[in-house]
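One structure is given below, encoded as structure tokens.
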Amino acid sequence: MHAMTDQRPGIAQTQHPLVRRVLAPNPSAFTYKGTQTYLVGTREVAVIDPGPDMPAHIDAIVAAIGDAKLKAIVCTHTHRDHSPAAAELKARTGAPIIGCAPPVAIDDAGPRADASFDRSYTPDDVMTDGRTLTGDGWTLEAIDTPGHTSNHVCYALPEAQAVFTGDHVMGWSTTVIAPPDGDMAAYMASLDRLMNRPQDVIYHPAHGEPIERPHRFVRGLIGHRKQREGQILRLLEKNTGHIPAMVAQMYAGVDARLHDAAGLSVLAHLIDLRLRGIVRQDRDQWSLAA
Ligand SMILES: [Zn+2]
């Protein structure tokens, strides 16, 4: 499974008899090699995360569908590298968009280092938690996993003991939690949700390689965030309570292009700590409570 080093945009790769992936040509510091669109099924298919609205990518998805019937276009969340192609794919195939809820309206979005939101996303039906979508030989079951965004949904494919994890759990990097829509406490609870599904043996993320031994991987993500929280508390003990200074110390070895995103993740931790009564905020200065 991990030997697929020659992944090229537009070429469908088989991951399982029921699962193929098509890489979009949108590589970046935030998307790794690009967004991976998944096709589930053979005679009847679902497309998960159609991706950015790029004609070459939509052509590649339509070619991969071939003579099969497209039952539904499914989105994990509405960042601009995931859902904008849904409308065009629907226009070209007639398939309904059945997936996550539309993005919530946020008045003060603040700086967004992560991909921005696709406000045009208009689902025909929303897959709330536990709802299923079926096709010939497959079932997709919605698992609400807010945190990366408030509307993030993963989809289990029990026939393959697999979960499509979108940006909740990725194969190349930890996810960005960007307040106010991103929520650290919700993200940690959503990691626990995956931990409590022993039946899953593989994750297919929107970015990066498939994740085998997924529970060990998720346990590592939980440990990583707890470590970050510990680092933040130690910096606050030393009166380093300004986010850029905290990022400079905590992310010294990380690509500087990602420092704004890292700052948002630190902010997400601080908001979580404030809600738990552990830290307090005075404008852009943070300190330990009491
Ligand atoms: Zn995202």
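The values are calculated or read from the model by the stated rules, or taken from the named source; none is laboratory data. Since this is a predicted model, take the numbers as computed values, not measurements. For neighbour counting, all protein chains shown are included, and Cβ atoms are generated from backbone atoms with ideal geometry for every residue, glycine included.
Structure notes:
- Check on P111, more than 15 Å from the chain's Cα centre (by Cα) and either within 16 Å of the ligand (Cβ to nearest atom) or at pLDDT below 95 (or both): yes
- From the list R43, R80, R20, R92, the one residue that fits, being crowded, with 18+ Cβ neighbours inside 10 Å and farther than 26 Å from V176 by Cβ, is R20.
A quick yes/no check of all residues on (1) within 26 Å of E212 (Cβ to Cβ); (2) in contact with a Cys (Cβ under 9 Å, 6 or more places away or on another chain); (3) crowded, with 21+ Cβ neighbours inside 10 Å:
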position: A24; (1), (2), (3): yes, no, yes
position: K33; (1), (2), (3): yes, no, no
position: D49; (1), (2), (3): yes, yes, yes
position: A56; (1), (2), (3): no, no, no
position: A68; (1), (2), (3): no, no, no
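- Considering residues of the stretch 161-192 that are at pLDDT 95 or above and in contact with a Ser or Thr (Cβ under 6 Å, 6 or more places away or on another chain) only, the residue surrounded by the fewest Cβ atoms within 10 Å (Cβ to Cβ): S190
- Among the conditions (1) under 18 Å from A142 (Cα atoms); (2) within 15 Å of the ligand (Cβ to nearest atom), the only one that I73 does not satisfy is (2).
- Among residues of the stretch 129-149, those that are within 16 Å of the ligand (Cβ to nearest atom) and in a loop (DSSP other than H, G, I, E, B), counted: 5
- Complete set of residues in the stretch 48-83 that are under 12 Å from L133 (Cα atoms) and free of Cβ contacts under 8 Å to residues at least 60 places away in the same chain: I73
- Look at (1) within 16 Å of the ligand (Cβ to nearest atom); (2) over 27 Å from M195 (Cα atoms) and you find that M54 fails only one, number (1).
- Search result, residues across the stretch 76-99 that are among the acidic types (D, E) and within 16 Å of the ligand (Cβ to nearest atom): D81
- Leading residue by the ranking (surrounded by the most Cβ atoms within 10 Å (Cβ to Cβ)) among those in the stretch 196-208 that are under 12 Å from V163 (Cα atoms) and more than 16 Å from the ligand (Cβ to nearest atom): D200
- Test result for R257, of a type in the set (K, R) and not assigned by TED's automatic domain parsing to the domain that holds S83: yes
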